[in-house]
Amino acid sequence: MLCSHLLAAVAAGLFGQALSFPSLPLVVEGPNMIDSTGAVIKVAGTNWPGHNDVMVPEGLQYKSIHDIVSDVKSLGMNVIRLTFAIEMVDQIFDNDGDDIDLQTAFSDALGEDVGATVLAQVLSNNPQFTAATKRIEVFDAVVEELNSQAIYVNLDNHISSGEWCCGGDDGNTWWGDTYFDAANWIRGLAFMAEHGASWDNLMSISLRNELREPTNNETLKATYNWETWYQYMKRAADAVNAANPDPLIILSGLNYDTTMQPVVRGEALEPGTDTFSFEDFEGYADKLAIELHNYDTKTTSCANLQGALYNGGAQAMNPDEESTVNVFPVLVTEFGFDQTEYESVYSTCLAEWLPHNTAGWMSWVIAGSYYKREGIVDYDEAWGLYNHDWSAWRNPDYVHELLVASIAATTEP
Ligand SMILES: *[C@@H]1O[C@H](CO)[C@@H](O)[C@H](O)[C@H]1NC(C)=O
């Protein structure tokens with residue numbers, strides 16, 4: 001007895017985190033995310049895109065899921081923002097509930113010949129899959145591997161049509177834009193939320209990435225405001241919560257997700273006069289967090305950068321601030337820079353600021369390259385943590401001198 005208790009205690013001590021992971025669902029208390037053991041959870045990680053043309057998580061033509069996740073883990077990261085396109089779910093519905101297989105997905109996006117070549121590389125690195133594996137089964141496998149290495153998932157609806165995001169005229173800007181159908185969006189979110197009920201490490205779902213003003217449609221532009229925003233956000237949050245009550249729901253604001261100011265300050269959601277109210281999220285008001293993005297990469301002032309983030313909504317972490325009316329955990333779910341410019345004011349300032357002023361953050365981006373981006377196959381991502389073929393860090397100095405310390409300062413306070 002004594003011996004087995006001792007062994008259990010030693011095992012729990014050695015592998016404490018792994019044994020208790022993931023301790024979900026999370027709830028929100030003030031600016032904190034709290035797990036099922038009562039501990040405050042802070043997250044640090046990166047984006048792993050799965051929303052581009054192929055609509056399969058990137059990089060698998062270069063590496064196995066297991067090895068990518070192991071690299072992420074080696075940095076101390078504990079979260080991945082996994083992105084998907086609504087178009088993937090639309091295709092599932094169009095196909096009587098059955099997802100498209102990898103053969104079709106790669107061929108449709110890259111053309112028959114290139115698609116076959118890239119798929120063969122994916123399968124060679126990831127022999128658990130075949131050409132008949134469905135895209136969503138690849139998402140499942142990514143999530144499962146992340147879970148087995150104690151990494152949370154923040155699932156993000158990045159865009160409606162499967163392609164690189166975001167611009168003012170890409171047809172995905174705002175509800176009613178060419179490809180951004182509100183009903184399909186809500187259906188897609190609910191589908192993924194329900195599907196995600198089988199993902200043990202799904203901590204949160206972001207409703208929409210980088211809402212923005214359409215620049216090519218005056219009629220649509222007239223609806224680009226906070227009042228419209230609130231109507232859709234409430235509907236989507238209700239749908240996600242009904243489909244799966246466990247994950248936190250992440251609200252993102254206007255202007256490419258750079259501001260949540262009127263929500264946080266309890267100001268009128270214009271042109272209407274109503275204000276944000278937790279009472280509008282009946283039964284799950286303790287499930288809401290907000291997100292911000294920042295790409296002010298050329299800034300020469302750390303104070304200005306911090307001020308923009310604070311006023312944009314990060315002040316929601318500070319209940320003592322007089323103008324903070326609605327308190328939330330704040331996640332900075334995108335920031336990034338060309339990896340050769342890692343000694344900039346921008347990168348050093350954020351590395352210092354993020355751990356102490358947010359509930360968590362995710363950099364853009366793990367991907368050293370994409371299957372396809374903006375029409376180019378095997379597109380090189382200068383902002384990627386990985387080099388082109390995902391074989392090493394693109395800028396090891398940045399990773400080891402700044403990134404790892406910032407992760408540790410966030411997750412091990
Ligand atoms: C502009 O947006 C409106 C509202 O969504 C839509 O009905 C209309 O078709 C759009 N016009 C063009 C030219 O895309």
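The values are calculated or read from the model by the stated rules, or taken from the named source; none is laboratory data. The structure displayed is predicted, hence computed values, not measured ones. Ideal geometry is used to build each Cβ from the backbone, glycine not excepted, and the neighbour counts take in all protein chains shown. Surface accessibility is based on the protein's heavy atoms, side chains included, excluding ligands, DNA and RNA. Shrake-Rupley method; radii C 1.70, N 1.55, O 1.52, S 1.80 Å.
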(request) Working carefully through the options Thr333, Thr299, find the one that is of a type in the set (Val, Ile, Thr) and closer than 30 Å to Leu60 by Cα. (result) Thr333
(request) Working only within segment 202-220, note down all residues that are more than 16 Å from the ligand (Cβ to nearest atom), open to solvent by 10 Å² or more (accessible area, probe 1.4 Å) and among the aliphatic types (A, V, I, L, M). (result) Leu202
(request) Name the one entry in Leu350, Leu309, Leu251 that is at pLDDT 95 or above and in contact with an Asp or Glu (Cβ under 8 Å, 6 or more places away or on another chain). (result) Leu251
(message) Filter segment 221-239 down to the residues that are out of contact with any Leu (no Cβ under 7 Å at 6 or more places or on another chain), within 16 Å of the ligand (Cβ to nearest atom) and closer than 23 Å to Asp156 by Cβ and list them by number.
(response) Tyr224, Thr228, Gln231, Tyr232
(message) Yes or no: segment 291-298 includes at least one residue that is more than 16 Å from the ligand (Cβ to nearest atom), in contact with a strand residue (DSSP E or B) (Cβ under 8 Å, 6 or more places away or on another chain), touching a residue at least 24 places away in the same chain (Cβ under 8 Å) and among the β-branched types (Val, Ile, Thr).
(response) no
(message) Against the condition touching a Ser or Thr at 6+ places or on another chain (Cβ under 8 Å), within 16 Å of the ligand (Cβ to nearest atom) and either among the β-branched types (Val, Ile, Thr) or not in a loop (DSSP other than H, G, I, E, B) (or both), how does Asn184 come out, does it pass?
(response) yes
(request) Name the single residue, out of those in segment 139-157 being over 17 Å from Arg235 (Cα atoms), assigned to a strand (DSSP E or B) and in contact with a helix residue (DSSP H, G or I) (Cβ under 8 Å, 6 or more places away or on another chain), that is nearest to the ligand (Cβ to nearest atom). (result) Leu155
(message) Here is a check on your reading of the model: is Glu381 in contact with an Asp or Glu (Cβ under 8 Å, 6 or more places away or on another chain) and among the acidic types (Asp, Glu)?
(response) no
(request) Can you confirm whether segment 158-178 contains a residue that is within 14 Å of the ligand (Cβ to nearest atom), closer than 26 Å to Val143 by Cα and of a type in the set (Ser, Thr, Tyr)? (result) yes
(request) Give segment 400-410 a look and list any residue that's within 20 Å of the chain's Cα centre (by Cα) and surrounded by fewer than 19 Cβ atoms within 10 Å (Cβ to Cβ), or say none. (result) Val404, Ala408
(message) For segment 223-243, which positions are touching an Asp or Glu at 6+ places or on another chain (Cβ under 6 Å) and within 26 Å of Ser36 (Cβ to Cβ)?
(response) Ala243
(message) Restricting to segment 276-289, name every residue that is part of a loop (DSSP other than H, G, I, E, B) and crowded, with 17+ Cβ neighbours inside 10 Å.
(response) Phe276, Phe281, Tyr284
(message) Cβ-Cβ distance below 6 Å, separation of 6 or more or different chains: which pairs start in segment 163-177 with a residue that is open to solvent by 20 Å² or more (accessible area, probe 1.4 Å) and end on one that is near the ligand (Cβ under 10 Å from one of its atoms)?
(response) Asp169/Asn216; Gly176/Leu220
